[in-house]
Amino acid sequence: MRKVSMRDKTQQVVPITVRQLEALIRLSESLAKMRLSSKVLKQDVEEALRLFQVSTVAAASTDNYANSMAGLDPEKREMLMKAEAFVLQQIPKDKRKGKKYVLEEGEKMGFSSQIMTRAMVTLVARGNLVEKTNGFFLCRKK
């Protein structure tokens, strides 16, 4: 694999442990469950990889907001910011709402499930929201 990478500079080899690979699998499965699906789709794996990359970068950086926006084109960045605002509007301060409900409401407003999921994960990472009851509910703190 490294020899191929050395020949083809466009491919990037990322060292990963078995434990990290298993975590990516579990995360992909969890993202599918958040969509209420028993099947993992390519978008779930891509989001799991993005979260993995952001979290490893976040460990070396204190700017979690910039990390959540990393790798997004301007249109998706704008959509993510709108989705975050929408999620915060849906959950009053010190109240909780079901993730499924918030996700469905966002989809009714035209947000993709991937953008909604990313918005909720980002808001939890920033401390705006807290997951309750094994992640089924979101509670707004800020």
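Looking across region 64-97, the residues that are at pLDDT below 75 and not in a loop (DSSP other than H, G, I, E, B) come down to 64, 65, 66, 67, 68, 69.
Among the residues of region 19-28, none qualifies, meaning not one is open to solvent by less than 70 Å² (accessible area, probe 1.4 Å), in a loop (DSSP other than H, G, I, E, B), modelled with pLDDT under 90 and on the phi < 0 side of the Ramachandran plot.
Look at region 99-142 and say how many of its residues are over 21 Å from residue 42 (Cα atoms), among the β-branched types (Val, Ile, Thr) and part of a helix (DSSP H, G or I). The qualifying residues number 2. Checking 5, 38, 55, 61 one by one, the residue that is modelled with pLDDT of 85 or more, of a type in the set (S, T, N, Q) and out of contact with any His (no Cβ under 9 Å at 6 or more places or on another chain) is 38 and no other. Applying the set (1) crowded, with 19+ Cβ neighbours inside 10 Å; (2) more than 17 Å from residue 37 (Cα to Cα) to residue 103 leaves exactly one unmet item: (2).
The values are calculated or read from the model by the stated rules, or taken from the named source; none is laboratory data. These numbers were taken from a predicted model, which means no experiment stands behind them. As a convention, Cβ positions derive from the backbone with ideal geometry for all residues, glycine included, and neighbour counts pool all protein chains shown. Remember, those area values only see protein heavy atoms, side chains included, never the ligands or the DNA or RNA. Shrake-Rupley method; radii C 1.70, N 1.55, O 1.52, S 1.80 Å.
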